[in-house]
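Bear in mind these aren't lab numbers, they're just calculated from the coordinates by the rules spelled out. What you see is a predicted model, and the numbers here were worked out from it, not measured in a lab. Here the Cβ positions follow ideal geometry from the backbone for every residue, glycine too, while neighbour counts run over all protein chains shown.
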Ligand SMILES: Cc1ncc(C[n+]2csc(CCOP(=O)(O)OP(=O)(O)O)c2C)c(N)n1
Ligand code: SF4
Ligand code: SF4
Ligand code: SF4
Ligand SMILES: [Mg+2]
């Protein structure tokens, strides 16, 4: 696969006057933004009809840099705001950027119900295993025993798996990668954007400032390596399972890809019948 | 569109409850998006919208809670579609953070609150006026919303239309404060003549996308309200609840930017008080005692005042229709000749506070509270008048 | 041509690590932003794979590539 050069991304998709981003050195959020914009470019999506919606958190700052309509909502509420945007104007492409806390804790219920409703939006969740913006508190995704500023003795709560939740509730497209998988990320975001219905892409991303520092994981290079080592591709994982083996590694890859009628299609059908 | 609604309803005379009147008002005002969550005594609003929205090309969606409902309403309104939600106390409490967002980002929306007894789950089926202060001050930070309180089913319909107009004109959340009494009471309602219905739209962007700054002011009929470019119109606007400059982008540590913005959010409404503030008055010319009421309570209040007049007491009545913002100047003027003011409310005394603040120590202000669900009887209010 | 925008670069060195042809080295000099940006040491080795641009979280690298203009 050939890649275009960044100047096209910067010229066409970014608000140059807002750069550089506020993200810390080596923060993975910028990479995810880059992957998403490349997916949009490849699909030739009209930015005049695209709305980026986010909640509150470092990850939720992404829409502020993108040259399109942007809705920076409240902590946890991005998916609910996005639902309103999409249902009120189905022509719009609606893309949500949300943190793991935004999506899985305070916004967890909206996440579940938007999947249940199968609203035609794409949710990109940047999972850095921590509350980055507020300085490194425990998140619902924080692994057991990890240190955060509010789990100084180690995390005793079991983490949730956002992608597995999405799968179980019935999202028609679910994929998980890490920032160290640019090619796979771009290809999954493209598929997600093309899917009618709720599509979910989770990207494990380094937060060197909080998660990395508190857990002595080194800089973003070390963290990125760690992500590669601590994850396993679904295909490999399934083979392992078949062989009766198991692993603690986090499963990455394309986890769901099915067809399922979305809310708007169903709604329009019965509206049509009423007329 | 208004025509379509009146045609669809089939007739102009209806016998409906207050909750339904809010639905019909919304339809006539061109509301085409409703998101809500069932709660007594407001559920009938959601049920009505679920029935009508699909027939009119609008959207009805039942969300997972009231936070999601108001969030979806704000999202929908960003695309330029008039949007509404309806709830009661517990749900209204949940909505507060988003109401503040709508104030900050200046996204029009209408919230119907059919008040019931609180706090907490309280008295689900009983009427109350306990959310009056919350309507104004429920969300954090300095801000200004508009709240209207109808006294009848007909007025519920009329004021729902007006709520949308004010919300569009001032780009501010408008709260329609009903109560369980009006919400569930059936009365005759006459739909307005099409020609008489005024339906306002927010002012669109008046310049091209290259020069457009989403929060510049001076180009709308009320000069402190910015123009609006809906999502998808090619203007590529950024909307945030953070303190922002005229471009709409966060500037969170400048005292000047913050003060300019927050003051404008309040002034854009308050500068137009004379246009926004509706009231009714009765027998004020020579009134020494004035009863001030709003919403359902105005019904027994007017009866009591009329009875007292018959026995020669110089008593008058003011009914607040716009209850927020509170028009201190006008009220001071209207109250200047009274020696006593009586404020019956279905709470333990809320609106009585700005009234006390208006008249200072010169005039006696008596709170006539009643809670528990039953509305005041005219005799209860009459007794207060006679005691003065 | 490879451009490193030292205004955007935050010195994370992902580019140095992930370039398959080891085109970059860490600069010895602090940038205006107070970080050690990459230095384009061996541009002649570049195969225009654009991986460095992809990995850079800060849109700081542009690898000129006439073909996609
Ligand atoms: C209602 C509310 N509660 C708390 C906060 C404070 N807060 C802001 S961001 C955040 C957590 C962000 O974590 P996450 O969603 O994982 O995003 P990240 O910063 O890690 O990208 C919190 C708790 C808030 N803004 N609003
Ligand atoms: S705190 Fe963490 S998530 Fe936030 S910008 Fe810094 S590195 Fe990124
Ligand atoms: S384009 Fe590829 S080879 Fe050239 S510098 Fe970047 S990563 Fe290295
Ligand atoms: S990856 Fe980007 S930000 Fe990091 S050192 Fe290289 S150029 Fe700088
Ligand atoms: Mg996080």
If you scan region A:20-45, which residues turn out to be over 18 Å from residue A:4 (Cβ atoms) and either touching a helix residue (DSSP H, G or I) at 6+ places or on another chain (Cβ under 8 Å) or away from ligand 4 (no atom under 16 Å from the Cβ) (or both)? A:21, A:22, A:23, A:24, A:25, A:26, A:27, A:28, A:29
Does residue A:25 satisfy the criteria of being within 16 Å of ligand 2 (Cβ to nearest atom), over 30 Å from residue B:106 (Cβ atoms) and surrounded by fewer than 22 Cβ atoms within 10 Å (Cβ to Cβ)? yes
Determine if region B:110-117 includes at least one residue that is at the interface with chain A (Cβ under 10 Å from one of its Cβ atoms) and crowded, with 20+ Cβ neighbours inside 10 Å. no
Of all strands (runs of 3 or more DSSP E) completely enclosed by region A:171-275, which ones contain at least 1 residues that are in contact with a strand residue (DSSP E or B) (Cβ under 7 Å, 6 or more places away or on another chain), within 14 Å of another protein chain (Cβ to nearest Cβ) and surrounded by 14 or more Cβ atoms within 10 Å (Cβ to Cβ)? A:173-178, A:199-204
Hey, can you tell me all the residues within region A:121-131 that are over 22 Å from residue A:190 (Cβ atoms) and either surrounded by fewer than 23 Cβ atoms within 10 Å (Cβ to Cβ) or more than 8 Å from ligand 1 (Cβ to nearest atom) (or both)? A:129
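Residue by residue, here is whether (1) surrounded by 23 or more Cβ atoms within 10 Å (Cβ to Cβ); (2) part of a loop (DSSP other than H, G, I, E, B); (3) within 16 Å of ligand 5 (Cβ to nearest atom) holds:
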site	(1), (2), (3)
A:116	no, no, no
A:119	yes, yes, no
A:133	no, yes, yes
A:139	yes, yes, yes
A:142	yes, yes, yes
A:153	no, yes, no
A:166	yes, no, no
Unique match (being buried (at least 24 other Cβ atoms within 10 Å of the Cβ), over 16 Å from the mean Cα position of the chain (by Cα) and in contact (Cβ under 8 Å) with a residue 24 or more places away in the chain) among A:87, A:19, A:37, A:43: A:87
Going by the conditions given, is residue C:45 surrounded by fewer than 16 Cβ atoms within 10 Å (Cβ to Cβ) and either within 21 Å of residue A:15 (Cα to Cα) or near ligand 4 (Cβ under 8 Å from one of its atoms) (or both)? no
Among the candidates A:99, A:108, single out the residue that is under 23 Å from residue B:67 (Cβ atoms) and surrounded by fewer than 24 Cβ atoms within 10 Å (Cβ to Cβ). A:108
